[in-house]
Amino acid sequence: MIKIQFFSNFKLNMMIFLLRSIKNTPLILLIISSILATDISQLPAAQIRCPDQFLKNGMFLLKKKKTRDALSTFNQIVHNFPQCPQAEEAQWQLVKYYSNVARGNNSDEYYQLASDHIKFYLFYWPKGIYRQAVLKEQDWNQRSLAPLLMRKSIFISLLSLALLIVVGLTLGSK
């Protein structure tokens, strides 16, 4: 049966109660959390044993080009199941995604996001199975970011020089 409740923030929240004959398995909980679009940390901890299905769901969403949903799923795995091996793989997926986007867009914002995810991975899994690949991504990102930072530094230098010339001309004309 389905029960619908309205909360004070006027957000419709569907609460699904399974019949007693259906066992609460992680797959059923995944389906329920997908329908509700809620944070999986709100589900009873005793019913969630391992995030295998969540990781599979994230990979499926990534293949279907639903990147926002996939990234959200990976972040939920990392933050809600930090001790499970799937959290390491989810963090690796985040590192790969943001590194690829940074190189594709040549954007320092995405390089910063990739760098943050790399640092997070190396902090929590210093001897992880993806460590070498993460270090390679870190090196690649630093080398790709160097020309971008050089262009910014040249632009700032030229802007400063132009400002000094304008100030000098203004003061010299008085």
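Given (1) over 27 Å from K127 (Cα atoms); (2) at pLDDT below 80, identify the lone condition not met by R49.
(1)
Looking at V78, V167, which one is surrounded by fewer than 11 Cβ atoms within 10 Å (Cβ to Cβ), part of a helix (DSSP H, G or I) and either modelled with pLDDT of 85 or more or out of contact with any Ser or Thr (no Cβ under 8 Å at 6 or more places or on another chain) (or both)? Spell out the reasoning first.
Numbers: V78 fails: surrounded by fewer than 11 Cβ atoms within 10 Å (Cβ to Cβ).
Criteria check complete, one pass: V167.
Could you list all residues from the range 107-121 that are farther than 18 Å from Q86 by Cβ and assigned to a helix (DSSP H, G or I)? Walk me through it before giving the result.
Looking only at the range 107-121, we keep the residues that are farther than 18 Å from Q86 by Cβ, and these are 107-116, 118-119.
Within the range 107-121, D108, E109, Y110, Y111, Q112, L113, A114, S115, D116, I118, K119 meet the criteria.
Hey, can you tell me all the residues within the range 79-106 that are over 18 Å from Q132 (Cα atoms) and in contact (Cβ under 8 Å) with a residue 24 or more places away in the chain?
Restricting attention to the range 79-106, the residues satisfying the condition of being over 18 Å from Q132 (Cα atoms) are 79-84, 101-106.
H79, N80, F81, P82, C84, A102, R103, N106, listed by residue number.
Search the range 56-74 for residues being in contact with a Leu (Cβ under 7 Å, 6 or more places away or on another chain) and within 26 Å of D139 (Cα to Cα), and hand back the single one that is surrounded by the fewest Cβ atoms within 10 Å (Cβ to Cβ). Spell out the reasoning first.
Looking only at the range 56-74, we keep the residues that are in contact with a Leu (Cβ under 7 Å, 6 or more places away or on another chain), and these are 57, 69-71, 73-74.
Add one more test, that the residue is within 26 Å of D139 (Cα to Cα), and what stays is 70-71, 74.
Details: A70: 22, L71: 18, F74: 26.
Per the criteria, the residue is L71.
The values are calculated or read from the model by the stated rules, or taken from the named source; none is laboratory data. Every value quoted in this text rests on a predicted model; they were computed, and no experiment measured them. A quick note on method: Cβ atoms are made from the backbone with ideal geometry, for glycine too, and the neighbour counts reach across all protein chains shown.
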